[in-house]
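For reference, the structure is listed below as C-alpha cells.
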C-alpha cells in the first residue's frame, strides 16, 4: 500500500529538494506538495500532486487535498533567513492551529521543521536533551511551536518528529544564506565581502544531503522526537567560506571583522548525529 506524504512549503528552499528526494525513493510513496504560491515544479513526477493553497488559512483542511495523508511534513515558514522578523511570532499561532487541525482530521504521523536556533547560545554538541533558551525571534517561534504541538499531540496517539536543521548550503543562488549573498556580490562585481571574524565553528550540511535525511526520517516511525539532521562535524565559518570561494572560482575576498559576531553564536556548536545516523542505517 502506498504511503501518502503531504509536504507543506513544497516550493521553498528546502521543500523542493525534499519533494524530489521523496519522489525518487524506490518505496511506494505518493507526495502531496502544497505551497501558497509559485508554479508546479513537480509536473515531471507521476508520484507528486501539487496543490496551491494557504495552509495557515482556517479554511484549509482535508477537503482541500481530497485525502488524509499518512504523514504530514510541515516545512512551511516565512522569513527563515531573517532571524528577527516579526512574522516568526505573528504566524506561530496559525502554524499551531494548522497542526492541531491535521491531528483532528486523523493524521497519525507529523514531522515539523525546527532549527538549532531553538537552543540559543550553546557550546558543543546539541542533542534532544539540550536545554533551549532561544535568542532570536526565529528560534523563539520554532521552539514555542514544537513545545505547544508536542503537548497537544502527546495524548492523541500521534507520532511526533521534529527535525533540527543546522547550517545549510547548496542551491545557493536560490537562498538568502551567506553563500547566496556571496554569489550575488561576486556577480555584481564587488571585490570585498563584509564578514565576521570567521572563527565560529558550525555544523554545515548541503541542502541535498539534508533533503535525503528528512526523507529518511518521515519514511520511518521508530525513531521519533527531536532529530538532528546534520553532519555532526564542526567547521569554522571562515574555512567553509574560503573553500566555497575557491570551489566556485569567485573573484572576491572576505573582509574579516567588518561585522561583529552575533552575540547568540557560540565559538563552536554542532549537532549530535546519533539518531539520524541510526535512521540512515535502516533506510
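The table below lists the values:
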read-out	value
The one condition in (1) under 19 Å from the mean Cα position of the chain (by Cα); (2) in contact (Cβ under 8 Å) with a residue 60 or more places away in the chain; (3) farther than 21 Å from residue 158 by Cα that residue 75 fails to fulfil	(3)
Subset tally (residues that are at pLDDT 95 or above and either within 19 Å of the chain's Cα centre (by Cα) or more than 23 Å from residue 170 (Cα to Cα) (or both)) for segment 258-280	13
Those residues of segment 21-33 which are crowded, with 16+ Cβ neighbours inside 10 Å and either out of contact with any helix residue (DSSP H, G or I) (no Cβ under 7 Å at 6 or more places or on another chain) or free of Cβ contacts under 8 Å to residues at least 24 places away in the same chain (or both), in sequence order	23, 30
Residues located in segment 92-149, provided they are farther than 16 Å from residue 165 by Cα and part of a strand (DSSP E or B)	109, 110, 133
Subset of segment 37-63 that is surrounded by fewer than 16 Cβ atoms within 10 Å (Cβ to Cβ) and not in a loop (DSSP other than H, G, I, E, B) - its residue that is nearest to the chain's Cα centre (by Cα)	52
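The rows are residues; the columns are (1) part of a helix (DSSP H, G or I); (2) in the same structural domain as residue 145 (by TED's automatic domain parsing); (3) surrounded by 14 or more Cβ atoms within 10 Å (Cβ to Cβ); (4) at pLDDT 95 or above.
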{"position": "186", "(1), (2), (3), (4)": "yes, no, yes, yes"}
{"position": "209", "(1), (2), (3), (4)": "yes, yes, yes, yes"}
{"position": "220", "(1), (2), (3), (4)": "no, yes, yes, yes"}
{"position": "246", "(1), (2), (3), (4)": "yes, no, no, yes"}
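Residues are listed down the side, and each one gets a yes or a no for (1) buried (at least 18 other Cβ atoms within 10 Å of the Cβ); (2) closer than 28 Å to residue 244 by Cβ:
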{"residue": "141", "(1), (2)": "yes, no"}
{"residue": "144", "(1), (2)": "yes, no"}
{"residue": "149", "(1), (2)": "yes, no"}
{"residue": "157", "(1), (2)": "no, no"}
{"residue": "166", "(1), (2)": "yes, yes"}
{"residue": "170", "(1), (2)": "yes, yes"}
{"residue": "174", "(1), (2)": "no, yes"}
{"residue": "177", "(1), (2)": "yes, yes"}
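The values are calculated or read from the model by the stated rules, or taken from the named source; none is laboratory data. Just so it is clear, the structure is predicted and the values come from calculations on it, not from any experiment. Methodologically, a virtual Cβ is constructed for each residue, glycine included, from the backbone with ideal geometry; neighbour enumeration extends over all protein chains shown.
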